[in-house]
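Student: Supplied in structure tokens, the structure appears directly below.
The values are calculated or read from the model by the stated rules, or taken from the named source; none is laboratory data. Computed from a predicted structure; not experimentally measured. As a convention, Cβ positions derive from the backbone with ideal geometry for all residues, glycine included, and neighbour counts pool all protein chains shown. Side chains are part of the model used for accessible areas, which takes the heavy atoms of the whole protein and leaves out ligands, DNA and RNA. Shrake-Rupley method; radii C 1.70, N 1.55, O 1.52, S 1.80 Å.
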Amino acid sequence: MTTSHEHDTTMALEAVPKGTTVIVTATSGGRSCTQRLADMGVRPGTVVRVMKGGGPVMIDVGGSRLMIGRGLSSKITVRVDR
Amino acid sequence: MSDTQEQAKTLKVALAGNPNTGKTTIFNALTGSHQHIANYPGVTVSKIEGTLEHNGVQIDLVDLPGSYSLTAYSIDELVARNFIIHEKPDLIVNVVDSSNLERNLYLSVQFMEMDIPLLLVFNRSDIAKARGYTIDTEILASLLSTTIVKTVAHKGEGLDELKDAILHVGLATAGHRPAKIHYAREIEDEIGRIVPMIDAVPALAKAFDPRWLTVKLLENDSDIKERAEELSGNDDVVSAALDAALRIKQHFGDSAEVVIADNRYGFISGACQEAVQNSIEVRHDMSDRIDAIVTNRLFGIPIFLGLMYSVFKLTFTVGEIPMQWIEKGVALLGHAVTAIWPQAWGETVLSILVDGVIAGVGSVLVFLPMIMILFLAIAVLEDSGYMARAAFIVDRAMHKIGLHGRSFIPMLIGFGCTVPAILATRTLESRRDRLTTMMVLPLFSCGARLPIYTLFIPAFFPPHLRTPVLMSLYVIGVIMAALLARLLRATILKGDTTPLVMELPPYRIPTVRGLCIDTWQRSWMFVRKAGTIILAISVLLWFLTSYPKLDNSQLENLSEGEVAAAQLSHSVAGRIGHAIEPVMRVAGFDWKASTAMIGAFAAKEVFVAQMGIVHSLGDVSEDTESLRSILQREYTPLQAFCIMLFCLISTPCVATIAATVKESGSWKWGALQLTGLTVLAYCTSAAVFQVGKLLFY
């Protein structure tokens, strides 16, 4: 994304501690993953708050709670919101 | 469209939207009790239809399955999409959760692209307000060129306006087409090239809106691709679209479907920027507080196990009571029919009716109370929002066996009855997950296997061992299911574990109406599916166990029970039992248990009845104690355990196989389930029997 600057660190959603707000930078894992995540409102640029970390992750996206299963949460790259 | 107004007065309306938007509440509020449940052709997704009349116009409303998108990712979404393509409703009423507008509008935009009149219902407008959103529906409506109605369905607010709007938009002859999404120029260019190709193939242009078809082909939608090839008879259009998608990918550096999704979201956020203001940022509500406890690392699993235990305790203790009534009722009906049966109509027909039909249907009905209670409990867990959390909690464990948290719900249902459990797998999005779950479901010991355990266990095991033995059977089933799932995922159903994204709806108190509909729908599916098949098989089995008949000369000096036993031994089933005895002996079976096992194929609990007959006791439902003492004489505890083990693993009942065939769409999977599990059962009980013999005797 154009707004990111070089000091930003990206990491997998899986590794984000609970209570942190992050911005999704990329979703990988094949066409069906990306498409499904987009259907549910998770795409590059989406602001996400991690409600529960670890393997399966619980996040807040625009007011609704999503669970991202283990495996998929490692395929979502995020950047910590300043 | 043009003649709608004259002949008039019936509108076909599809109600659609994301899950958890209050769509069903609106459906119920609009149609009241005028509802009708059917199935969509070819799939077992239930189709809920209702009618209402407003200002002299009849509105036929269909409640489409909740979906996030029209990408046909799951069967529910495919059904929703196909309904709109094939049935071409006069109007789509799209229920939108106003408190989560952008994501909800993603589906709306896809409806807009289908070029069918669209009415947006902004439900939960109270929650949106509480969360600080101010939505200017007028601006938004003009940006999207649709009509928008605000509602708070659970309070009944806005429903009259909604009815008026349905008529207004639905009966309008023109000018109510939603706005077109304009994609990036490169995509529009490609669309511009392909649309004329589609127009040139009448079969395609007739079946689909050309622009919509083009977008779907660019998105590489496999279902649509197949249909398009089928209809056009060649792959010209499809391969042109594939080439176009490739060019788009080269240009944007992302695949076409990602770019298309980006464009749609861009359109939505552009519209929302103008029409929606948000004053509050973060929220902490009741749901979060409950989640903090329920999904806690420490308490999460104990709470989950506690709830599951309560569900089963409730199912089995409360279900027991009406079960006995039904058992008695069926027996009474059998006796009554026998008593009033005119001699002239013959014994054979009477026997088919009483021993085949009434006994067979009875064997299904007996389980109905238990199954209804289990389904009710599951509906409470689902509607309250807990079930989604349970899937979250077990996701980690399920991953170890190559499945994910969602497969857990069918498995839970499987402890009640495997048939509705197989139907419940339709919420699984990937076919591999679905098939794996289906294949292992019979290993979750269903309610019908319980009578077998309760017959054998008290006969062979001292009181302090009875619960552990019973538990061990359930646990063995679950462990075998886990191993088998892993095995399947490593061999014939190999592939990456599919990603799980699942919405965790806010907690809420379930409505009585919602619970009743859910419970009724699932139970009815069980009765109808299991009922018809078991009825047919019961009659067939009646033949197998009654023919060929013995001569009267062979039956002299025998008691009534001995006659029945001799007859069964002489019958086709008995002969099969005798024939397979040498093989079954290795696993601890004699011919009697083998014969009873053939009956168990119709329905597991038939095993108990058949054991009664082969041991010359006649009808044993009244008198299980005497059967237990005979069993004690004839079998060792080890044999008893092996027989129970075999019943647990082997030969899912006919209804299960039928459900698997239907749901998987091929005989192959049903056949594999039947033979695979039977072989597994044989090997397991043979191994246990042989090892046990060495150890104990």
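Student: Give just the number: which of (1) within 14 Å of another protein chain (Cβ to nearest Cβ); (2) touching a Lys or Arg at 6+ places or on another chain (Cβ under 8 Å) does B:R449 not satisfy?
Tutor: (1)
Student: Can you give me the number of residues within the stretch A:56-73 that are outside any strand (DSSP E or B), more than 7 Å from every other protein chain (Cβ to nearest Cβ) and either open to solvent by 10 Å² or more (accessible area, probe 1.4 Å) or more than 18 Å from B:R406 (Cβ to Cβ) (or both)?
Tutor: 0
Student: Can you tell me which residue is nearest to the chain's Cα centre (by Cα) among those in the stretch B:71-89 that are buried (at least 21 other Cβ atoms within 10 Å of the Cβ) and assigned to a loop (DSSP other than H, G, I, E, B)?
Tutor: Step by step, filter the stretch B:71-89, then rank; the result is B:S74.
Student: Run down B:E347, B:E382 and say which single residue is away from chain A (no Cβ under 14 Å), over 27 Å from B:K23 (Cα atoms), out of contact with any Phe, Trp or Tyr (no Cβ under 8 Å at 6 or more places or on another chain) and not hydrophobic (A, V, I, L, M, F, W, C).
Tutor: Working: B:E382 fails: over 27 Å from B:K23 (Cα atoms).
Going through B:E347, B:E382 in turn, just one is away from chain A (no Cβ under 14 Å), over 27 Å from B:K23 (Cα atoms), out of contact with any Phe, Trp or Tyr (no Cβ under 8 Å at 6 or more places or on another chain) and not hydrophobic (A, V, I, L, M, F, W, C): B:E347.
Student: Now for a separate question. Is it true that some residue in the stretch B:130-151 is assigned to a helix (DSSP H, G or I) and within 14 Å of chain A (Cβ to nearest Cβ)? Please lay out each step first, then the result.
Tutor: Residues of the stretch B:130-151 assigned to a helix (DSSP H, G or I): B:130, B:137-144.
Now restrict to residues that are within 14 Å of chain A (Cβ to nearest Cβ): B:130.
Checking the stretch B:130-151: at least one residue is assigned to a helix (DSSP H, G or I) and within 14 Å of chain A (Cβ to nearest Cβ).
Student: A further question on this structure: I'd like the full set of residues that are over 12 Å from the mean Cα position of the chain (by Cα), facing another protein chain (nearest Cβ under 7 Å) and of a type outside the set (S, T, N, Q), limited to the stretch A:18-38.
Tutor: Correct list: A:G29, A:R31, A:C33, A:R36.
Student: Are any residues in the stretch B:299-319 in contact (Cβ under 8 Å) with a residue 12 or more places away in the chain and farther than 30 Å from A:I59 by Cα, and if so, which ones?
Tutor: Matches in the stretch B:299-319: B:F312, B:L314, B:T315, B:F316, B:V318, B:G319.
Student: Next question. I need the helices (runs of 4 or more DSSP H) fully contained in the stretch B:543-608, keeping only those with at least 1 residues that are of a type in the set (V, I, T) and over 34 Å from the mean Cα position of the chain (by Cα). So that I can check it myself, show each step before the final result.
Tutor: Values: elements: B:560-570, B:572-585, B:591-600.
Where helices (runs of 4 or more DSSP H) fall fully within the stretch B:543-608 and carry at least 1 residues being of a type in the set (V, I, T) and over 34 Å from the mean Cα position of the chain (by Cα), they are B:560-570, B:572-585.
Student: Among the residues of the stretch B:143-171, how many are out of contact with any helix residue (DSSP H, G or I) (no Cβ under 9 Å at 6 or more places or on another chain) and open to solvent by 60 Å² or more (accessible area, probe 1.4 Å)?
Tutor: Total satisfying the criteria: 4.
Student: Let me ask something else. Going residue by residue through the stretch B:70-82, is there one that turns out to be modelled with pLDDT of 90 or more and among the β-branched types (V, I, T)?
Tutor: Checking the stretch B:70-82: not a single residue is modelled with pLDDT of 90 or more and among the β-branched types (V, I, T).
Student: Something else about it: Considering only residues that are assigned to a strand (DSSP E or B) and basic (K, R), look in the stretch A:41-55 and name the one that is nearest to the other protein chains (Cβ to nearest Cβ).
Tutor: Narrowing the stretch A:41-55 to residues assigned to a strand (DSSP E or B): A:47-52.
With the extra rule that they be basic (K, R), the set shrinks to A:49, A:52.
On the way: A:R49: 8, A:K52: 6 Å.
Among those that are assigned to a strand (DSSP E or B) and basic (K, R), it is A:K52.
Student: Additional query: In the stretch B:386-405, is there at least one residue being away from every other protein chain (no Cβ under 14 Å) and either in contact with an Asp or Glu (Cβ under 8 Å, 6 or more places away or on another chain) or farther than 14 Å from B:T519 by Cα (or both)? Lay out the reasoning, then the answer.
Tutor: The initial filter retains those residues of the stretch B:386-405 that are away from every other protein chain (no Cβ under 14 Å), namely none.
No: zero hits.
Student: Right, something else. For residues that are among the hydrophobic types (A, V, I, L, M, F, W, C) and closer than 22 Å to B:L101 by Cβ, scanning just the stretch A:27-49, find the one that is most open to solvent (accessible area, probe 1.4 Å). Don't jump to the end; show me each part of the working.
Tutor: Here is the first cut: in the stretch A:27-49, the residues among the hydrophobic types (A, V, I, L, M, F, W, C) are A:33, A:37-38, A:40, A:42, A:47-48.
Now drop any that are not closer than 22 Å to B:L101 by Cβ, which leaves A:37-38, A:40, A:42, A:47-48.
Details: A:L37: 0, A:A38: 9, A:M40: 3, A:V42: 3, A:V47: 77, A:V48: 3 Å².
This residue is A:V47.
Student: Is it the case that B:A490 is over 17 Å from B:C647 (Cα atoms) and open to solvent by 10 Å² or more (accessible area, probe 1.4 Å)? Break it down stepwise before answering.
Tutor: Values: over 17 Å from B:C647 (Cα atoms): yes; open to solvent by 10 Å² or more (accessible area, probe 1.4 Å): yes.
Yes: the conditions hold for B:A490.
Student: Shifting gears a bit: Taking the stretch B:237-275 only, how many residues are open to solvent by 40 Å² or more (accessible area, probe 1.4 Å), within 14 Å of chain A (Cβ to nearest Cβ) and of a type outside the set (G, A, S)?
Tutor: The qualifying residues number 8.
Student: If I ask for residues that are assigned to a helix (DSSP H, G or I), more than 14 Å from B:N82 (Cβ to Cβ) and touching a residue at least 40 places away in the same chain (Cβ under 8 Å), which ones from the stretch B:206-220 would you list?
Tutor: B:R211, B:V215, B:L218
Student: Looking at the structure I just gave you, is B:I187 farther than 16 Å from B:L120 by Cβ and either surrounded by fewer than 19 Cβ atoms within 10 Å (Cβ to Cβ) or in contact with a helix residue (DSSP H, G or I) (Cβ under 9 Å, 6 or more places away or on another chain) (or both)?
Tutor: Yes: the conditions hold for B:I187.
Student: From the list B:N278, B:N296, which one is within 14 Å of chain A (Cβ to nearest Cβ), free of Cβ contacts under 8 Å to residues at least 60 places away in the same chain, open to solvent by less than 80 Å² (accessible area, probe 1.4 Å) and over 28 Å from the mean Cα position of the chain (by Cα)? Write out each step before concluding.
Tutor: Numbers: B:N278 fails: free of Cβ contacts under 8 Å to residues at least 60 places away in the same chain.
Just one listed residue meets the conditions, B:N296.
Student: Identify the residue in the stretch B:299-338 that is modelled with pLDDT under 85 and within 21 Å of B:R396 (Cβ to Cβ) and, among all such residues, is nearest to the other protein chains (Cβ to nearest Cβ).
Tutor: Out of the qualifying residues, it is B:M308.
Student: Having 1 or more residues that are open to solvent by less than 20 Å² (accessible area, probe 1.4 Å) and over 23 Å from B:W524 (Cα atoms) is the bar; report the helices (runs of 4 or more DSSP H) wholly within the stretch B:348-458 that clear it. So that I can check it myself, show each step before the final result.
Tutor: Working: elements: B:359-365, B:368-384, B:386-400, B:408-414, B:418-424, B:431-440.
Per the criteria, B:386-400, B:431-440.
Student: With respect to the numbered conditions (1) hydrophobic (A, V, I, L, M, F, W, C); (2) in a strand (DSSP E or B); (3) at pLDDT 85 or above, which one is the sole condition not fulfilled by B:I48?
Tutor: Status for B:I48: all satisfied but (3).
Student: Only residues that are of a type in the set (S, T, Y) and either farther than 22 Å from B:A390 by Cα or away from chain A (no Cβ under 14 Å) (or both): list them for the stretch B:475-520, please. Spell out how you get there, then give the answer.
Tutor: Residues of the stretch B:475-520 of a type in the set (S, T, Y): B:491, B:497-498, B:507, B:511, B:519.
Residues satisfying the conditions are B:T491, B:T511, B:T519.
Student: Can you find a residue in the stretch B:600-620 that is open to solvent by 20 Å² or more (accessible area, probe 1.4 Å), of a type in the set (S, T, Y) and either modelled with pLDDT under 75 or touching a Ser or Thr at 6+ places or on another chain (Cβ under 7 Å) (or both)?
Tutor: Yes - at least one qualifying residue is present in the stretch B:600-620.
Student: Just to be sure before I move on: is B:N234 closer than 19 Å to B:L78 by Cβ and open to solvent by 20 Å² or more (accessible area, probe 1.4 Å) in the structure I sent?
Tutor: Numbers: closer than 19 Å to B:L78 by Cβ: no; open to solvent by 20 Å² or more (accessible area, probe 1.4 Å): yes.
It is false that B:N234 is closer than 19 Å to B:L78 by Cβ and open to solvent by 20 Å² or more (accessible area, probe 1.4 Å).
Student: Let me ask another. Filter the stretch B:652-682 for residues that are surrounded by 13 or more Cβ atoms within 10 Å (Cβ to Cβ), in a helix (DSSP H, G or I) and not aliphatic (A, V, I, L, M) and give the result.
Tutor: B:T656, B:T660, B:K662, B:E663, B:S664, B:W669, B:G670, B:Q673, B:G676, B:T678, B:Y682
Student: Evaluate the stretch B:17-35: report whether one residue or more is in contact with a Phe, Trp or Tyr (Cβ under 8 Å, 6 or more places away or on another chain) and modelled with pLDDT of 75 or more.
Tutor: For the stretch B:17-35, residues in contact with a Phe, Trp or Tyr (Cβ under 8 Å, 6 or more places away or on another chain) and modelled with pLDDT of 75 or more: present.
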